[in-house]
Amino acid sequence: MAGEANAKMTDPAQCMVLAGLANMIGARTIVEAGTYRGAAARALGEHNPNSRVWTADIVERPEVEDLPPNTRFYHGDFLDMLDAIKQPIDFAYIDASGASNKETELRWSHALHVLPRLSPRGIIAWDDTWSNWSGVDKIRAFANINILALKGLSLYQHPE
């Protein structure tokens with residue numbers, strides 16, 4: 001069971017990559033879809049102390065209560081959380097899960113809602129894109145870069 005939970009968590013090295021990318025672009029507003037146990041949210045908050053990090057998940061877990069002070073957990077739908085955020089989004093990490101055959105649709109939908117609010121040079125990062133999910137090729141084709149390591153990470157940076 002513990003091994004299964006770890007397989008669902010964002011890899012620690014990937015958490016550092018995400019936090020570093022957000023830091024490189026000077027992200028002030030960071031959002032995450034799919035908190036799970038909070039590994040990515042913690043890294044994003046800890047390594048971007050001048051940012052505000054919002055993370056949403058439909059499942060409430062006690063582990064996410066121990067987040068950095070600049071990080072807020074929203075128990076509910078990611079799109080509802082987005083409605084409450086008024087600032088442009090500088091960095092979005094999309095890692096939400098749905099029904100196994102709807103993973104890509106959910107992640108694509110989340111990105112489409114972030115895209116019009118993405119700041120110049122803002123980044124959208126999708127997790128688990130080195131997979132065979134139906135439609136994942138749409139995300140990989142849209143991304144500027146696809147990292148084929150671990151479970152895969154696809155990145156899109158908004159042009160200036």
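The values are calculated or read from the model by the stated rules, or taken from the named source; none is laboratory data. Remember, predicted model here, so these are calculated numbers, not experimental data. Here the Cβ positions follow ideal geometry from the backbone for every residue, glycine too, while neighbour counts run over all protein chains shown.
Please go through region 40-66 and give me each residue that is in a helix (DSSP H, G or I) and at pLDDT below 95, ordered by number. Let's see the steps before the verdict.
So the first thing to find is which residues in region 40-66 are in a helix (DSSP H, G or I), and the list is 40-46, 62-65.
Listed by number, the residues that qualify are Pro62, Glu63, Val64, Glu65.
Which residue out of Asp95, Asp128, Asp57 is charged (D, E, K, R), under 19 Å from Leu18 (Cβ atoms) and out of contact with any strand residue (DSSP E or B) (no Cβ under 8 Å at 6 or more places or on another chain)?
Numbers: Asp95 fails: out of contact with any strand residue (DSSP E or B) (no Cβ under 8 Å at 6 or more places or on another chain); Asp57 fails: out of contact with any strand residue (DSSP E or B) (no Cβ under 8 Å at 6 or more places or on another chain).
Asp128 is the lone residue from the list that is charged (D, E, K, R), under 19 Å from Leu18 (Cβ atoms) and out of contact with any strand residue (DSSP E or B) (no Cβ under 8 Å at 6 or more places or on another chain).
Working carefully through the options Gly26, Gly20, find the one that is in a helix (DSSP H, G or I) and surrounded by fewer than 20 Cβ atoms within 10 Å (Cβ to Cβ). Spell out the reasoning first.
Details: Gly26 fails: in a helix (DSSP H, G or I).
Of Gly26, Gly20, the one residue that is in a helix (DSSP H, G or I) and surrounded by fewer than 20 Cβ atoms within 10 Å (Cβ to Cβ) is Gly20.
Being closer than 18 Å to Thr10 by Cα and in a loop (DSSP other than H, G, I, E, B) is the filter here, so list the residues in region 67-104 that pass it.
Passing the criteria: Leu67, Pro68, Asp95, Ala96, Ser97, Gly98.
Spot the failing condition for Glu65; the list is (1) without any contact (Cβ under 8 Å) to a residue 12 or more places away in the chain; (2) surrounded by 20 or more Cβ atoms within 10 Å (Cβ to Cβ); (3) acidic (Asp, Glu), and only one is missed.
(2)
With region 105-160 as the region, which strands (runs of 3 or more DSSP E) entirely inside it contain at least 3 residues that are surrounded by 17 or more Cβ atoms within 10 Å (Cβ to Cβ) and at negative phi? Before the answer, list the steps.
Working: elements: 118-127, 145-147, 153-157.
Output list reads 118-127, 153-157.
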